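The values are calculated or read from the model by the stated rules, or taken from the named source; none is laboratory data. This one's a predicted model, so the numbers in the text were calculated from it and none came from an experiment. FYI the Cβ positions are ideal-geometry reconstructions off the backbone, even for glycines, and counts take in every protein chain you see.
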Amino acid sequence: MTDTETDTSLQPKKKGLTRRRKRALSRGAQYAVFVAAVIAFAVSADWGRLKNQFAQADIAQQMFPDVITLALKNTVLYTLSGFVVGLVLGMVIALMRLSSVGPYRWLAGVYIEIFRGLPALLIFIFVGVAVPLAFPGTEIPGGTYGKVAIALGLVSAAYMAETIRAGIQAVPKGQLEAARSLGFSPARAMVSIIVPQAFRIILPPLTNELVLLFKDSSLVLFLGVTLEERELSKFGRDLASTTANSTPILVAGLCYLLVTVPLSFVVRRMESKAQEAIR
Amino acid sequence: MSRPEIEVRALHKSFGDNEVLRGIDLEIGRGEVVCVIGPSGSGKSTLLRCVNLLEEPSKGQVFVGGTEVTDPDVDIDAVRRRIGMVFQQFNLFPHLSVTENLTLPQRRVLGRDKAEAARVAAENLARVGLSEKADAYPASLSGGQQQRVAIARALAMGPRVMLFDEPTSALDPELVGDVLAVMRGLAEDGMTMMVVTHEMTFAREVADRVVFMDGGVIVEDGSPGQVIGSPRHERTRHFLSRLLDPAMAEVEEGTSGQGGGETP
Ligand SMILES: Nc1ncnc2c1ncn2[C@@H]1O[C@H](COP(=O)(O)OP(=O)(O)OP(=O)(O)O)[C@@H](O)[C@H]1O
Ligand SMILES: [Mg+2]
């Protein structure tokens, strides 16, 4: 093809909106809306009152180091213990759900439906109040810590079971066949070959679950805790009422973000890594 | 002659209403290499998978090394340790390095200690010419290399027979030769092999016998010269002519391409 033959209809248009100009215009409009919204917020907010209510430096200062050494520490402890219980229970339920034994599958299905459908709050009240009332004399080991671990574990196990099941099913069938043809028993193949691969697949959703649990740990509030057992939300709320100021709430909130934002970042990294690995 | 290494008697296999194997009788002696050929859907893979009970036969018996595989009371895991299997899609364990792919089954299944497993692994990697890839992960290997690792993994268990299900069908043409060379070496070392393949040159040069299957039965069974060179049945002739010169084949009804493809 020679230059003289070039189709004129394909040449850049001189008149009207080109694609490039349209794009520039649309982007400009979006920036304009954004700037307008920021200005509207800045003008309408009463900055003096906001600062007074949420950003009193001396009150914030007085929270340290307890907000970290006690409250954040307890939040992390509650979350991790709940996560571990949920993971173990979720694994058992996922395997039951995939079992060839009908009643196991059925039982696991019932558990998942019930605990996915209940608000976490009800489960906390159930573990904290109903169980001790119904079985007087029984003591959940570990006191509040044990109760929280069980309550959070019950809440998360249902979600984790579904996630783990999906992960196991996402491992290609050929993997099990290869393992079986090498002489692995079904249980051995599951433990050595299938589950490790499933966990790579579900690491991002499991970490998301950890973030959710981190926030749900605030429900400890409803179990009634001693001063030493307070976590971030309770700690912040108590201080907010004694000082009649909301700064502790803000500080507690920042402490949550201190953990959840990096965690979310890690999840996104893992997800994009996983995307790369597929290619 | 001693007992055949693989013995299949009146084997039937149905998936629901679909009768895939309709009475297979086959014997493979020690050290024999038998290539199984046949059109797509004829039941080649199913037959192979019935030999190590990845598929449960509906009827009939299978013996490997004198042990009845189809006996409901047999320790199937113990039987499978003596039957190596190589898949079209390699099926290496992607979360393990090449060496770990070879050592983990030895340690978990055979209970070998670490040093012994590592020694056997190195030996078998050398056998397939991939010693330098010992620490690589499967994803970084070419298809041909992955398949050779898969063969080494099966060999590390010390099997007395090896089953191959189209081991080169998923490979780029230029990688097929390396895998076939490894298999040829195995055959020369006296391994008993049952190979489903479309590689006619391999079948002609390496196989002791060629079995042609169609519609769930064995149509022809004989030496390569006989079955490939001068087939007695019309169906065999038809299949071979299409295989050797695909461009000459007429469009036929009911051939829906390469069926039975598994996802990798
Ligand atoms: N797990 C299964 N469930 C149901 N049907 C199956 C299953 N496996 C195989 N089949 C059917 O059995 C028939 C034979 O399949 P098989 O894989 O043994 O053929 P093949 O000779 O190996 O073909 P190909 O050359 O395409 O691999 C096919 O019709 C297939 O659809
Ligand atoms: Mg097949």
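Per-structure values
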item	result
Qualifying residue in region A:63-70 (condition: in contact with a Cys (Cβ under 7 Å, 6 or more places away or on another chain) and either touching a residue at least 24 places away in the same chain (Cβ under 8 Å) or β-branched (Val, Ile, Thr) (or both))	yes
Test: residue in region A:216-223 that is surrounded by 18 or more Cβ atoms within 10 Å (Cβ to Cβ) and hydroxyl-bearing (Ser, Thr, Tyr)	yes
Those residues of region A:189-208 which are closer than 14 Å to B:ARG108 by Cβ and either surrounded by fewer than 17 Cβ atoms within 10 Å (Cβ to Cβ) or of a type in the set (Val, Ile, Thr) (or both), in sequence order	A:VAL191, A:ILE193, A:ILE194, A:VAL195, A:PRO196
Residues of region B:230-241 classified as without any contact (Cβ under 8 Å) to a residue 12 or more places away in the chain and farther than 17 Å from B:ARG204 by Cβ, total	2
Counted residues, region B:151-187 - those being closer than 25 Å to B:ASP135 by Cβ and within 16 Å of ligand 2 (Cβ to nearest atom)	3
Identity of the residue in region B:49-65, more than 16 Å from ligand 2 (Cβ to nearest atom) and either farther than 18 Å from B:ALA10 by Cβ or of a type in the set (Ser, Thr, Tyr) (or both), that ends up farthest from the chain's Cα centre (by Cα)	B:SER58
Selected residue (criterion: surrounded by the most Cβ atoms within 10 Å (Cβ to Cβ)) from residues of region B:20-37 that are farther than 22 Å from B:ARG184 by Cβ and near ligand 1 (Cβ under 9 Å from one of its atoms)	B:LEU21
Selection from region B:138-159 of residues that are buried (at least 18 other Cβ atoms within 10 Å of the Cβ) and not in a helix (DSSP H, G or I)	B:LEU141, B:ALA156, B:MET157, B:PRO159
Filter result (within 14 Å of another protein chain (Cβ to nearest Cβ), among the hydrophobic types (A, V, I, L, M, F, W, C) and in contact (Cβ under 8 Å) with a residue 40 or more places away in the chain) within region B:51-68	B:VAL51, B:VAL64
Inter-residue pairs, beta-carbon under 9 Å, first within 15 Å of B:THR201 (Cβ to Cβ) and in region B:169-185, second basic (Lys, Arg) and modelled with pLDDT of 95 or more, 6+ apart	B:ASP178/B:ARG148; B:VAL179/B:ARG148
B:ASN101 vs. criteria touching a residue at least 40 places away in the same chain (Cβ under 8 Å), more than 9 Å from every other protein chain (Cβ to nearest Cβ) and closer than 15 Å to A:LEU182 by Cβ	yes
Matching option when the condition is of a type outside the set (D, E, K, R), crowded, with 19+ Cβ neighbours inside 10 Å and more than 14 Å from every other protein chain (Cβ to nearest Cβ), among A:ILE140, A:ILE164	A:ILE164
For B:GLU19: the one exception among (1) touching a residue at least 12 places away in the same chain (Cβ under 8 Å); (2) in contact with a Phe, Trp or Tyr (Cβ under 9 Å, 6 or more places away or on another chain); (3) not basic (Lys, Arg)	(2)
Residue count, region A:71-119 (criterion: in contact (Cβ under 8 Å) with a residue 40 or more places away in the chain, farther than 30 Å from A:ARG188 by Cβ and of a type in the set (Lys, Arg))	1
Lone unmet requirement of (1) within 8 Å of ligand 1 (Cβ to nearest atom); (2) more than 28 Å from B:GLU188 (Cα to Cα); (3) within 14 Å of another protein chain (Cβ to nearest Cβ) for B:VAL74	(1)
Residue tally, condition farther than 25 Å from B:ASP245 by Cβ and within 16 Å of ligand 2 (Cβ to nearest atom), over region B:188-200	1
Residues of region A:169-187 that turn out to be buried (at least 17 other Cβ atoms within 10 Å of the Cβ), outside any loop (DSSP other than H, G, I, E, B) and either at pLDDT below 95 or within 7 Å of another protein chain (Cβ to nearest Cβ) (or both), as a count	6
Test: residue in region B:37-48 that is more than 14 Å from chain A (Cβ to nearest Cβ), within 29 Å of B:GLY185 (Cβ to Cβ) and away from ligand 2 (no atom under 16 Å from the Cβ)	no
Residue in region B:78-88 that is surrounded by the fewest Cβ atoms within 10 Å (Cβ to Cβ), counting only those that are within 8 Å of chain A (Cβ to nearest Cβ) and in contact with a helix residue (DSSP H, G or I) (Cβ under 9 Å, 6 or more places away or on another chain)	B:ARG81
Failed item in (1) touching a helix residue (DSSP H, G or I) at 6+ places or on another chain (Cβ under 6 Å); (2) at pLDDT below 80, with A:GLY82 passing the rest	(2)
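Let's see how each residue does on (1) of a type in the set (D, E, K, R); (2) surrounded by 20 or more Cβ atoms within 10 Å (Cβ to Cβ):
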residue: B:SER45; (1), (2): no, yes
residue: B:ASN52; (1), (2): no, yes
residue: B:GLU56; (1), (2): yes, no
residue: B:GLY60; (1), (2): no, no
residue: B:THR67; (1), (2): no, no
residue: B:ILE76; (1), (2): no, no
residue: B:PHE90; (1), (2): no, yes
residue: B:PRO94; (1), (2): no, no
residue: B:ASN101; (1), (2): no, yes
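A quick yes/no check of all residues on (1) more than 14 Å from chain A (Cβ to nearest Cβ); (2) part of a helix (DSSP H, G or I):
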site: B:ALA136; (1), (2): yes, no
site: B:ALA170; (1), (2): no, no
site: B:VAL176; (1), (2): yes, yes
site: B:VAL182; (1), (2): yes, yes
site: B:HIS198; (1), (2): yes, no
